[in-house]
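Peer 1: Below: one structure in structure tokens.
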Amino acid sequence: MDILYLLIPLSVALVFFILAGLWWAIDRGQFEDIESEGERILRDD
Amino acid sequence: MTQVNVLLGQRPASPQALESAAPELTQAHRDTPQQRLALLDAPEEWAAFSLPEKTESGCWRSSVVFEGMHCAACAITLEDALRAVPGVRSVQISGASHRGQIVWSPELTRPSEWMRSVERHGYKALPANDAHAHARRREEARRMVWRWSVAALCMMQVMMYATPTYLTQPGEISDEALHLLRWASWVLSLPVMFFSCTPFLSNAWRDLRERQISMDLPVALGMVVTFVVSTLGTFEPQGPFGAEIFFDSFTMFVFFLLTGRWLELRMRDRTAGALEAVLNRLPDSVRKRQTDGTWALMSIRRLQVGDVIEVLPGEAFAGDGLVLVGQTQVDEALLTGESRPLARRAGDRVIAGSHNLSGTLQVQIEQIGAATRYAQIVTLMESASVSKPAMALLVDRWAKPFLVVVMLTSLASAIYGWPTDPAHAVMVAVAMLIVTCPCALSLATPAAMLATAGALARSGVLVRRLSALQNLALIDTVIFDKTGTLTRDAFEVAHIHTRDGVSHSQALDWAGSLARHSLHPVSRALWSEARRRAEAAGRLDALEALTAHDVNELAGQGVQGVLTQSGQEPQALRLGSAAFCAAPSRAGHHLQVSLADASGWLASFELAEQVRPEASGVVQALAQMGLSLKVLSGDGPAAVAQVAQAVGIADAQGGCSPQHKLQALQALQAQGHKVAMVGDGLNDGPVLAGADVSFALGQAVPLAQAQSDFVLMGGQLAVLVSTLQRSRQTMRIVRQNLWWSAAYNATCVPLALMGWLPAWAAGLGMALSSLLVVLNALRLSQALPDSLQQQALVLQSV
């Protein structure tokens, strides 16, 4: 069970890593207009 | 597909606009869009709708509103068009709100260049002048999402770390591993405590410093207590609070609370969007007449009273003004609730923020900026939305002692339970603190009333004080003024008396040819009656050919002028009061105007007030709602009785001075009646102020001076009925909300006190109860039936 001593701190680090990614996404306005992105597939080119 | 959208985008506002716009567009106008856009190229102009971009130095982020967008595919077309412009760094366009953000570099391009690219694709980009407020709100929304996501992610992970402690038997898991799990939970609770909770904590701290108690205080207290107790449990398991930790409960209730707050914020923004449509209507540039008679484009900020501007079809008026030249139809729907296009010609007034639909006009500006009716409407809406209704004040007054009691009770329960099980006692106290937060209770009234005020504003009814909605629902008597309320401001010709040998139509033609030069209501009535009859007889041209010259108007007396008819001697005519025309005065309760020539009296016209066509329907609908109706007027008793009879009100009293009216009103109130007064808002000041609820009618009312609680901006009586119905509905929903939130608190407090309600369930309950209240209130934000439908409804009930 010694692996827990590595995995649990690692999972904490992972959460912070994901949070950083989330912050990046929110700060870039990724969640502000959800509808039109879905309709992008309809574009011609 | 793109092609189709471009074509759709070019569709003008209305078919009329298309017909008459085409011939109006002369060479002089064709290059004006470019000049108009070029105005925006000065840094002080673009700063009004742009902010310096943070991530790319030297670039600006501009907010624009797009016209002509129909769907999300338009947004894609526009984004492509804008990205193709050199110097445009990035583009974000929202298909839902028709707004966009454009980041561009001033070294390579100018706003006019990318705006022109938008116009080449058949759309129109307008600078969003509320960009700064909009950016602030977006920033707020982003931070809220960010707080919420942090709480959500940490909650999930903390839950995983907590699972082993629920699932394993004592001794099955080593103390070191357990301690590691607790430490991990603590680490992930830190961002929740110090980032996600900050709105609650900072509000509570502000209230504490101001020695006030608000709803955030118990919630913040609950958060701090749980976090501190769990932290001590983690690092000092032998301490007074034992080894118990509650990080899972803590993160979960923070998550639920934030979910509730976030949804609330989104709904508020949606209601604000309705008002925003009104707030963002003034054009950014105008064409002003120079001293040498040419037209020059300039920014609206340099417009001054007295300037003459030219307004093309499709443009909005920049200020309140008088039409000098031209004839058109205008759309005042957002300002007055009148959905039909209204005709405007030389001599008429137009209001800022309304739209010119069909013809080119020259308008002399009479009011700009804060003095315009438009600005007054905006200010009124803003001030009403922050006023607190009486019922909300009552709730706030009770909330304070309630919160004190809650905090003392939770303290007492913690002390009581302490000797047996300190950990359990602390959690009961925390659950109490969170579950009793009377958020729902204090949201119940303002949420409903704001939703109603927004819906009414869109139908042309301004609410000056939210608490008036509450009074309106209790009304049992309605008092109408006569002039301008049950009747129109305009007159109609009732009878014509003439000298022997002069026909009615001849007299009317002569009178009309003089009257057309005057703006007096009586003159207008004569001119329009003359036109109407001539048109019916098919000799409109002959009437138009009658021209009077040397016309002058003598204030308070009448008009005089010389009429030249082909093949006849010029005639010197006078139109006005009996004394002015040396005419015999006649008995009767109608207003009289006389016409005389050099040899004396020619004709007399009796003018009657026009009863509003919808008045009798409205009266009947109100009577069906169980209201007693009354007319009080300063006019002669006979005229008042006649109008009252025409609309179907039995109780009418004429010849009242304002004091009489006020006395009659107070007498009714002394009998316990709740009285609504409907007047024109100008002559009835004290009476309107004395009534329980007052309505001012008519577009002539200077809004800032109107004493009334409600202003019917479109001058439509029909909207009175639906306003009354909506106010009753509002109070029904307010009562539902209050009952629901009171019942919620009444059941949850004992449950929490017994220890049956864990902290996370308390957080969920609180968030859900507030959400339910807001959702219930949103039912009121649906639009009132528009004026035509209302008239149809009113007529049906007749």
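Peer 1: Do the conditions hold for B:Ile93, that is, is it of a type outside the set (Ser, Thr, Tyr), at pLDDT below 85 and assigned by TED's automatic domain parsing to the domain that holds B:Glu264?
Peer 2: Taking the combined requirement at face value, the residue does not satisfy it.
Peer 1: Given the criterion within 14 Å of chain A (Cβ to nearest Cβ), surrounded by 14 or more Cβ atoms within 10 Å (Cβ to Cβ) and at pLDDT below 85, identify the matching residue among B:Ala21, B:Ala73. Spell out the reasoning first.
Peer 2: Values: B:Ala21 fails: within 14 Å of chain A (Cβ to nearest Cβ).
Result of the check over B:Ala21, B:Ala73: B:Ala73.
Peer 1: Could you say whether any residue in segment B:499-509 is assigned to a loop (DSSP other than H, G, I, E, B), surrounded by fewer than 22 Cβ atoms within 10 Å (Cβ to Cβ) and assigned by TED's automatic domain parsing to the domain that holds B:Ala623?
Peer 2: Checked segment B:499-509: no residue is assigned to a loop (DSSP other than H, G, I, E, B), surrounded by fewer than 22 Cβ atoms within 10 Å (Cβ to Cβ) and assigned by TED's automatic domain parsing to the domain that holds B:Ala623.
Peer 1: Of B:Ala639, B:Ala652, B:Ala644, which residue is at pLDDT 80 or above, surrounded by fewer than 23 Cβ atoms within 10 Å (Cβ to Cβ) and either more than 32 Å from the chain's Cα centre (by Cα) or within 25 Å of B:Arg524 (Cα to Cα) (or both)? Explain how you work it out, then say what you get.
Peer 2: Values: B:Ala639 fails: at pLDDT 80 or above; B:Ala644 fails: surrounded by fewer than 23 Cβ atoms within 10 Å (Cβ to Cβ).
Among B:Ala639, B:Ala652, B:Ala644, only B:Ala652 is at pLDDT 80 or above, surrounded by fewer than 23 Cβ atoms within 10 Å (Cβ to Cβ) and either more than 32 Å from the chain's Cα centre (by Cα) or within 25 Å of B:Arg524 (Cα to Cα) (or both).
Peer 1: I need every pair where a residue in segment B:150-177 that is in the same structural domain as B:Ser249 (by TED's automatic domain parsing) has its Cβ under 6 Å from the Cβ of a residue that is of a type in the set (S, T, N, Q) and surrounded by 14 or more Cβ atoms within 10 Å (Cβ to Cβ), sequence separation at least 6 or different chains.
Peer 2: Note: pairs meeting the criteria are B:Val150/B:Ser196; B:Ala151/B:Ser196; B:Cys154/B:Thr251; B:Met155/B:Thr251; B:Val158/B:Ser185; B:Val158/B:Thr251; B:Tyr161/B:Ser185.
Peer 1: Kindly indicate whether B:Ala152 is in contact with a helix residue (DSSP H, G or I) (Cβ under 6 Å, 6 or more places away or on another chain), farther than 30 Å from B:Gly100 by Cβ and facing chain A (nearest Cβ under 10 Å). Outline the logic, then answer.
Peer 2: Details: in contact with a helix residue (DSSP H, G or I) (Cβ under 6 Å, 6 or more places away or on another chain): yes; farther than 30 Å from B:Gly100 by Cβ: no; facing chain A (nearest Cβ under 10 Å): yes.
The answer is no for B:Ala152.
Peer 1: Within segment B:526-548, can you find the residues that are farther than 20 Å from B:Phe605 by Cα and in contact with a strand residue (DSSP E or B) (Cβ under 8 Å, 6 or more places away or on another chain)?
Peer 2: Result: B:Thr547, single match.
Peer 1: Quick one: would you say B:Leu181 is within 14 Å of another protein chain (Cβ to nearest Cβ), within 30 Å of A:Leu22 (Cβ to Cβ), at pLDDT 85 or above and surrounded by 14 or more Cβ atoms within 10 Å (Cβ to Cβ)?
Peer 2: Working: within 14 Å of another protein chain (Cβ to nearest Cβ): yes; within 30 Å of A:Leu22 (Cβ to Cβ): yes; at pLDDT 85 or above: yes; surrounded by 14 or more Cβ atoms within 10 Å (Cβ to Cβ): yes.
For B:Leu181, the condition - within 14 Å of another protein chain (Cβ to nearest Cβ), within 30 Å of A:Leu22 (Cβ to Cβ), at pLDDT 85 or above and surrounded by 14 or more Cβ atoms within 10 Å (Cβ to Cβ) - is met.
Peer 1: Conditions first: (1) under 31 Å from the mean Cα position of the chain (by Cα); (2) closer than 18 Å to A:Trp23 by Cβ; (3) within 12 Å of another protein chain (Cβ to nearest Cβ). B:Pro199 passes all but one, so which condition is the exception?
Peer 2: The failed condition is (3).
Peer 1: Residue under question is B:Gln376, and the condition is that it be at pLDDT 80 or above and within 27 Å of B:Val64 (Cα to Cα); does it hold?
Peer 2: Numbers: at pLDDT 80 or above: no; within 27 Å of B:Val64 (Cα to Cα): yes.
No; evaluated as a whole, the condition is false for this residue.
Peer 1: Filter segment A:1-28 for residues that are farther than 26 Å from B:Trp146 by Cβ and at the interface with chain B (Cβ under 9 Å from one of its Cβ atoms); which is surrounded by the most Cβ atoms within 10 Å (Cβ to Cβ)? Please lay out each step first, then the result.
Peer 2: Initially, segment A:1-28 is screened for residues farther than 26 Å from B:Trp146 by Cβ, giving A:1-7.
Now drop any that are not at the interface with chain B (Cβ under 9 Å from one of its Cβ atoms), which leaves A:1, A:4-5.
Working: A:Met1: 9, A:Leu4: 14, A:Tyr5: 12.
Here the residue is A:Leu4.
The values are calculated or read from the model by the stated rules, or taken from the named source; none is laboratory data. Computed from a predicted structure; not experimentally measured. Cβ coordinates were reconstructed from backbone atoms using ideal geometry, including for glycine residues, and neighbour counts include every protein chain displayed.
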